[in-house]
Amino acid sequence: MKRLLAILCLTTTLSAQEPASEEARLQALIDQLAAPKVRLRDEAQQALSQRIDAEPVMRTAMESHPSEEARLRLKRILKGFRDGLWTIESQQAVSAVGLDRGPLRTTTKGTLLANLHSAGIEILDTTDLAVVRTLGKSTSGTLTLRSLAWTPDGKRIAFSNQSGAVMVEDDAGKRLLTLPPEMRQMNPNNPNAKQMAPPVALEFLPDTQRLLVFTNAGLALHEPGPAVVSRRISVKEIFPEITRNIIAQSMAVSGDGKTAGLAFEVPGPDDDLVAMISLADMKVLWISKISVTPRWIAVNQDGSEALVAMRERGVVRCAADAPLAITVSRSIDDLTSVAYSPDYKSAFLTSGRANAPVRQLAVPSGEEMWTAAPAPTGCYHVTILGPDRLAVKTYDNRILIWKKRPPMNPATR
């Protein structure tokens, strides 16, 4: 019995010492970054470069270590961690669809991509970017490059052409539904003065086949059957105090499918606008003002806030508690799209400039978590494929799949 108790005490003592020993070994490597011999400093830097699990400890040491040499080397190591957070998994060598740029969409599992261009919609396998099939061929004329929606199960896809009508096809390319063009009233004093309002954005509500159509006339929700509008709200109802025509820019639906964020450009010196709409009753929940043209909008899980990528000004947060949008990240780049990560703790941005084509920011702090390496061209659009994969379309119309670096297994250190 005494022997058993002795073994248990020894095991407990060793277990308590292991973390301390590990911490001591890590601290010794950090201190070795300031060793008199360059060889020892290089060896320590190489060893620490494999210790991504110890990033928090190294980040603290970078701020407080007494040696400037150690701080500089820790900074290089941490930059390597950040730059390598996402790596290219696959990419198209050249674009096969010309120079016209349209958005990407994906299914719930992220195994397929819908790539919109003026002549059709290519469905791509995300493992190798091979074309599975082409849709959108049942319509005549050029497709509208801003309008594409795909149900999460991949069974229905919606798009528009220059006529302003919205077409819905199944996954085999069969036409299921055609919605007539929306019309915008041009003069409040003349109900007959109307103009066609082509779709700016289309979105299927999560886990349904109900389709949202956003135009300069307003927002309409269509049922999956015959062309019946179940709910509608006009721009005039959203902004009753505005008497001139404003320009619809971008739309996004909240993760729970209960709200839609709408971004508008207001011609002239006035602020541009973002509105959050309740889809249950088509009522305005809140309105926020932004300083310059909104390029793209992303909405969080419950519609309590939205992120807007702006032209040459950065990213702002819009919410009920922010009637004047709050800057999340400043940028001189012409931002082209923004998307929340699946856990809504960060956001991805694309830029038209090649120096920083893709970036990941922490939300709501705006701290930069990762920046893609400079590229020959900037990026036009980002689509999230899952927690560890994302797709981007470059300005020369190629598609790249990025994969997140897997967490390090402590057993393999």
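The values are calculated or read from the model by the stated rules, or taken from the named source; none is laboratory data. What you are looking at is a predicted structure, and each value in this text was computed from that prediction instead of being measured. All Cβ positions, glycine included, derive from the backbone under ideal geometry; neighbour counts span all protein chains shown. Heavy atoms of the whole protein, side chains included, go into the accessibility calculation; ligands, DNA and RNA do not. Shrake-Rupley method; radii C 1.70, N 1.55, O 1.52, S 1.80 Å.
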Looking only at the range 342-372, and only at residues there that are assigned to a strand (DSSP E or B) and of a type in the set (Phe, Trp, Tyr), the one that is nearest to LEU116 (Cα to Cα):
PHE348
Looking only at the range 283-300, filter to residues that are polar (S, T, N, Q) and under 25 Å from ARG232 (Cβ atoms); which one of those is nearest to the chain's Cα centre (by Cα)?
ASN300
Restricting to the range 121-143, and then to whatever is closer than 29 Å to MET183 by Cα and out of contact with any Phe, Trp or Tyr (no Cβ under 7 Å at 6 or more places or on another chain), can you tell me which residue is surrounded by the fewest Cβ atoms within 10 Å (Cβ to Cβ)?
SER140
Within the range 103-112, restricting to residues that are assigned to a loop (DSSP other than H, G, I, E, B) and not charged (D, E, K, R), the one that is most open to solvent (accessible area, probe 1.4 Å) is THR108
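Yes/no matrix, rows are residues, columns are (1) among the aromatic types (Phe, Trp, Tyr); (2) assigned to a helix (DSSP H, G or I); (3) surrounded by 16 or more Cβ atoms within 10 Å (Cβ to Cβ); (4) touching a Pro at 6+ places or on another chain (Cβ under 8 Å):
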| position | (1), (2), (3), (4) |
| --- | --- |
| ALA35 | no, no, yes, no |
| GLN45 | no, yes, yes, no |
| PRO56 | no, yes, no, no |
| LEU78 | no, yes, yes, no |
| PHE81 | yes, yes, yes, no |
Looking only at residues in the range 200-211 that are in a strand (DSSP E or B) and under 18 Å from GLY154 (Cβ atoms), which one is farthest from the chain's Cα centre (by Cα)?
LEU211
Condition broken by GLY173, with the remaining ones in (1) on the phi > 0 side of the Ramachandran plot; (2) open to solvent by 30 Å² or more (accessible area, probe 1.4 Å) satisfied
(2)
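With respect to VAL284, determine if the residue is within 20 Å of ALA306 (Cα to Cα) and buried (at least 18 other Cβ atoms within 10 Å of the Cβ).
On the way: within 20 Å of ALA306 (Cα to Cα): yes; buried (at least 18 other Cβ atoms within 10 Å of the Cβ): no.
For VAL284, the condition - within 20 Å of ALA306 (Cα to Cα) and buried (at least 18 other Cβ atoms within 10 Å of the Cβ) - is not met.
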Show the residue pairs meeting these rules: Cβ distance below 7 Å; 6+ apart or different chains; first residue within the range 261-282 and within 15 Å of VAL200 (Cα to Cα); second residue part of a strand (DSSP E or B) and of a type in the set (Asp, Glu).
PHE264/ASP272; GLU265/ASP272
Only one residue in ALA375, ALA325, ALA339 is hydrophobic (A, V, I, L, M, F, W, C), assigned to a loop (DSSP other than H, G, I, E, B) and either more than 19 Å from ASP272 (Cβ to Cβ) or open to solvent by 20 Å² or more (accessible area, probe 1.4 Å) (or both). Which one?
ALA375
Which residue is surrounded by the most Cβ atoms within 10 Å (Cβ to Cβ), if the candidates are limited to the range 144-170 and must be under 27 Å from the mean Cα position of the chain (by Cα) and hydroxyl-bearing (Ser, Thr, Tyr)?
SER160
Report, by residue number, each residue of the range 83-102 that is surrounded by fewer than 14 Cβ atoms within 10 Å (Cβ to Cβ) and closer than 28 Å to GLU23 by Cα.
ASP83, GLY84
For the structure I just gave you, tell me whether VAL253 is touching a helix residue (DSSP H, G or I) at 6+ places or on another chain (Cβ under 8 Å), modelled with pLDDT of 95 or more and open to solvent by 10 Å² or more (accessible area, probe 1.4 Å).
no
Is there any pair with a first residue in the range 64-89 that is of a type in the set (Val, Ile, Thr) and a second that is assigned to a loop (DSSP other than H, G, I, E, B) whose Cβ atoms are under 6 Å apart and which are 6 or more apart or on different chains, and what are they?
ILE77/SER49
Being in contact (Cβ under 8 Å) with a residue 24 or more places away in the chain, more than 25 Å from THR208 (Cα to Cα), in a loop (DSSP other than H, G, I, E, B) and out of contact with any Pro (no Cβ under 6 Å at 6 or more places or on another chain) narrows ASP100, ASP153 down to just ASP100
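If you take the residues of the range 311-322 that are open to solvent by 30 Å² or more (accessible area, probe 1.4 Å) and in a strand (DSSP E or B), which of them is nearest to THR259 (Cα to Cα)? Working first, answer last.
From the range 311-322, those open to solvent by 30 Å² or more (accessible area, probe 1.4 Å) are 311-313, 317, 320-321; that's our starting set.
In the following step, the residues that additionally are in a strand (DSSP E or B) were identified as 311, 317.
On the way: ARG311: 25, ARG317: 16 Å.
The qualifying residue nearest to THR259 (Cα to Cα) is ARG317.
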With criteria (1) touching a Pro at 6+ places or on another chain (Cβ under 8 Å); (2) open to solvent by less than 70 Å² (accessible area, probe 1.4 Å); (3) of a type outside the set (A, V, I, L, M, F, W, C), SER118 comes up short on (1)
